[in-house]
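K.L.:
What follows is a structure written as structure tokens; I'll ask about it next.
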Amino acid sequence: MAAVIETQALRALLRFGTGAGIVAGDRDLEICLARVRPGGARRIASLRIENYRERPASEWGAEYARLLARHQASHLAAWLVIPRHEVIVRHVRLPGVADKDAPAAVAFQLDSLHPFSSEEVLHDFRRIGRTASFSVAVAEQRVIDFYTALFAEAGVKLAGITFSGSAVFVSSRLYTPPPAQGFLAVRADESGAAPAIEIYGESPACPLFSAIFDEPRERATALAAAELRLDPGAPVLSWDDVLPKPAAAGPASEPAPSPPAWAAALAAACPHLGAPLNLLPPPMRASSSRAQYAPAAALAAVLVMLGAAMAADGFWMDRQYRKTLEAEMARLTPQAQRVEKLDRELAAAVQRIELLESFRRRTRGHLDTVLELNSMIPPPGWLMSLQITADQVALWGESPRADELLKKLEDSPRFQAAEFTAPLSRGAGGDVFRIRARREDGAR
């Protein structure tokens, strides 16, 4: 719990920056400047450039440059959100894949995620939180080349090119995380040639969902909820409900930006707290000035110093505690050694006693065996040899009725499996026999 609180406190200190977001529609450009602070986000300015595809890029690029200069933001590199239908978004699960192996794993599956040849596309991917889910964005090379060439001609620095859903995913977590159980956010997209329904959603099954539908709103919502595996009662929100609310509405003379433009500007303001998927090739990515992060860096330095002081104090306490333990161990070591010596001597004595007891039991058993055999071989029978081991006896002797001796051994509770080990032969006083039997009392 303490780690979560510290992480939230650190994120609050790092909510500091200014960003520019641009949404490229099929006809118009939307531009939004946002300033993010720990206390809230504010819209600085917004601008709509109409019919940008047919106007000279240098002309509307100059309008954009004047907007940045008017707000002392000429150093900013903008995030560009391109039309949703120009980007393919896929959700891929890669259980057990480490971050270092993720690029190869995604590249291995990339051909199955789009209908183009591998030489015609650019892609980027992100792991969603600490899950095994990855969000993959794919766009045609010619589409990205068109926008990079167009904005380079206009003199607009781009930090990245993304799609609306990825910008919303990042910016919606700047202050208060969205509902963890899942939700849908629906908006009407009128930037294209024909009106459409754009849906952003999250769920445990699909942590980042972004799609555009040409179906009616109810039908599109039902399809998206099924894709996300949401419960019937899952909330259906607007994009404005998901994104942080602006602390100030901005100049009244300027139009309010669309949610994608606001989301892109917020994501551009705090890239250190998470960046959207970026389809702009790395060599073409521009960066904003780091001077704006000086206050946050100073606060972070103070926080690091306080953390170091606490760590040093903890280290000193641990060292003192270790010294105390070592002194106590040194004092008690001789006593512990004496106890161990007594334990060893006691164990040796117990072992000797058990050995003597086993010998005593063995001698008694042998005597009982001899008495039993003596009763089975009455005079004039006699034994020339008797061998007794722990588990058997071997008899060699002479008896006038040796054939009955085998039955007597079988009937005795002390013997079992008696057998002649050699044929009977005649001797001076009777039959000479050799018998072997297993002792039943051998283990006692």
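K.L.:
Can we say Thr176 is touching a residue at least 12 places away in the same chain (Cβ under 8 Å), surrounded by fewer than 18 Cβ atoms within 10 Å (Cβ to Cβ), in a helix (DSSP H, G or I) and in the same structural domain as Val23 (by TED's automatic domain parsing)? Lay out the reasoning, then the answer.
P.N.:
Values: touching a residue at least 12 places away in the same chain (Cβ under 8 Å): yes; surrounded by fewer than 18 Cβ atoms within 10 Å (Cβ to Cβ): yes; in a helix (DSSP H, G or I): no; in the same structural domain as Val23 (by TED's automatic domain parsing): yes.
Here the answer is no, as Thr176 does not meet what is asked.
K.L.:
Against the definition (under 41 Å from the mean Cα position of the chain (by Cα), modelled with pLDDT under 95 and assigned by TED's automatic domain parsing to the domain that holds Ala154), how does Arg48 come out, yes or no? Steps first, please.
P.N.:
Numbers: under 41 Å from the mean Cα position of the chain (by Cα): no; modelled with pLDDT under 95: yes; assigned by TED's automatic domain parsing to the domain that holds Ala154: yes.
So Arg48 fails the test.
K.L.:
Mind telling me which of the residues Ala62, Ala78, Ala41 ends up being of a type in the set (Gly, Ala, Ser), in the same structural domain as Ser135 (by TED's automatic domain parsing) and out of contact with any Lys or Arg (no Cβ under 9 Å at 6 or more places or on another chain)? Spell out how you get there, then give the answer.
P.N.:
Values: Ala78 fails: out of contact with any Lys or Arg (no Cβ under 9 Å at 6 or more places or on another chain); Ala41 fails: out of contact with any Lys or Arg (no Cβ under 9 Å at 6 or more places or on another chain).
When all the criteria are applied, what remains is Ala62.
K.L.:
Within the set of pairs 6+ apart or on separate chains, which have a first residue in the stretch 97-108 that is outside any loop (DSSP other than H, G, I, E, B), a second that is among the charged types (D, E, K, R) and surrounded by 11 or more Cβ atoms within 10 Å (Cβ to Cβ), and C-beta atoms under 9 Å apart?
P.N.:
Hits for this filter: Asp99/Arg127; Ala102/Arg127.
K.L.:
Residues Val143, Val168: which one is assigned to a helix (DSSP H, G or I) and closer than 21 Å to Gly274 by Cα? Steps first, please.
P.N.:
Values: Val143 fails: closer than 21 Å to Gly274 by Cα.
Only one candidate passes the filter, namely Val168.
K.L.:
May I ask you to verify whether Ser210 is more than 30 Å from Glu63 (Cα to Cα), assigned by TED's automatic domain parsing to the domain that holds Arg53 and modelled with pLDDT under 95?
P.N.:
On the way: more than 30 Å from Glu63 (Cα to Cα): yes; assigned by TED's automatic domain parsing to the domain that holds Arg53: no; modelled with pLDDT under 95: yes.
No.
K.L.:
Among Arg84, Arg66, which is the only one that is surrounded by 15 or more Cβ atoms within 10 Å (Cβ to Cβ) and among the basic types (Lys, Arg)? Spell out how you get there, then give the answer.
P.N.:
Working: Arg66 fails: surrounded by 15 or more Cβ atoms within 10 Å (Cβ to Cβ).
Checking each option against the conditions leaves just Arg84.
K.L.:
Across the stretch 294-333, what is the total count of residues that are within 30 Å of His272 (Cβ to Cβ) and either of a type in the set (A, V, I, L, M) or touching a Lys or Arg at 6+ places or on another chain (Cβ under 6 Å) (or both)? Walk me through it before giving the result.
P.N.:
Applying the first criterion (within 30 Å of His272 (Cβ to Cβ)) to the stretch 294-333 yields 294-315.
Within this subset, residues satisfying the condition of being either of a type in the set (A, V, I, L, M) or touching a Lys or Arg at 6+ places or on another chain (Cβ under 6 Å) (or both) are 294, 296-306, 308-312.
Summing the residues that are within 30 Å of His272 (Cβ to Cβ) and either of a type in the set (A, V, I, L, M) or touching a Lys or Arg at 6+ places or on another chain (Cβ under 6 Å) (or both) in the stretch 294-333 gives 17.
K.L.:
Oh, and also: Among the residues that make up the stretch 291-298, is at least one of them modelled with pLDDT under 80, loosely packed, with under 10 Cβ neighbours inside 10 Å and more than 33 Å from the chain's Cα centre (by Cα)?
P.N.:
Looking through the stretch 291-298, at least one residue is modelled with pLDDT under 80, loosely packed, with under 10 Cβ neighbours inside 10 Å and more than 33 Å from the chain's Cα centre (by Cα).
K.L.:
Same structure again: Looking at (1) without any contact (Cβ under 8 Å) to a residue 24 or more places away in the chain; (2) farther than 29 Å from Val36 by Cα, find the lone condition where Glu190 falls short.
P.N.:
(2)
K.L.:
Oh, and also: Pull out all pairs, ordered by first then second residue, where Cβ-Cβ is under 8 Å, the residues are six or more apart or on different chains, the first lies in the stretch 119-139 and is over 14 Å from Ala98 (Cα atoms) and not assigned by TED's automatic domain parsing to the domain that holds Met284, and the second is part of a helix (DSSP H, G or I) and at pLDDT 95 or above.
P.N.:
none
K.L.:
Ok, one more. Filter the stretch 198-240 for residues that are free of Cβ contacts under 8 Å to residues at least 60 places away in the same chain, outside any helix (DSSP H, G or I) and hydrophobic (A, V, I, L, M, F, W, C) and give the result.
P.N.:
Within the stretch 198-240, the subset free of Cβ contacts under 8 Å to residues at least 60 places away in the same chain is 199-205, 213-238, 240.
So of that shortlist, the ones also outside any helix (DSSP H, G or I) come out as 199-205, 213-216, 229-238.
Within the stretch 198-240, Ile199, Ala205, Phe213, Leu230, Ala234, Val236, Leu237 meet the criteria.
K.L.:
If you don't mind, there's one more thing I want to ask. Looking at Glu202, is it surrounded by 18 or more Cβ atoms within 10 Å (Cβ to Cβ) and closer than 25 Å to Arg142 by Cα? Explain how you work it out, then say what you get.
P.N.:
Numbers: surrounded by 18 or more Cβ atoms within 10 Å (Cβ to Cβ): yes; closer than 25 Å to Arg142 by Cα: no.
For Glu202, the condition - surrounded by 18 or more Cβ atoms within 10 Å (Cβ to Cβ) and closer than 25 Å to Arg142 by Cα - is not met.
K.L.:
Then there is this: Could you please tell me which pairs satisfy a Cβ distance under 6 Å, a separation of 6+ or placement on different chains, a first residue in the stretch 408-437 that is farther than 21 Å from Ala390 by Cα, and a second residue that is modelled with pLDDT of 80 or more?
P.N.:
Within 6 Å, the pairs are Ala422/Arg434; Leu424/Phe433; Ser425/Val432; Gly427/Glu398; Gly429/Pro380; Gly429/Glu398; Gly430/Glu398; Val432/Glu398.
The values are calculated or read from the model by the stated rules, or taken from the named source; none is laboratory data. All figures in this text were calculated on a predicted structure; none of them were measured in a lab. In this analysis, Cβ positions are derived from the backbone assuming ideal geometry, glycine residues included, and neighbour counts consider all displayed protein chains.
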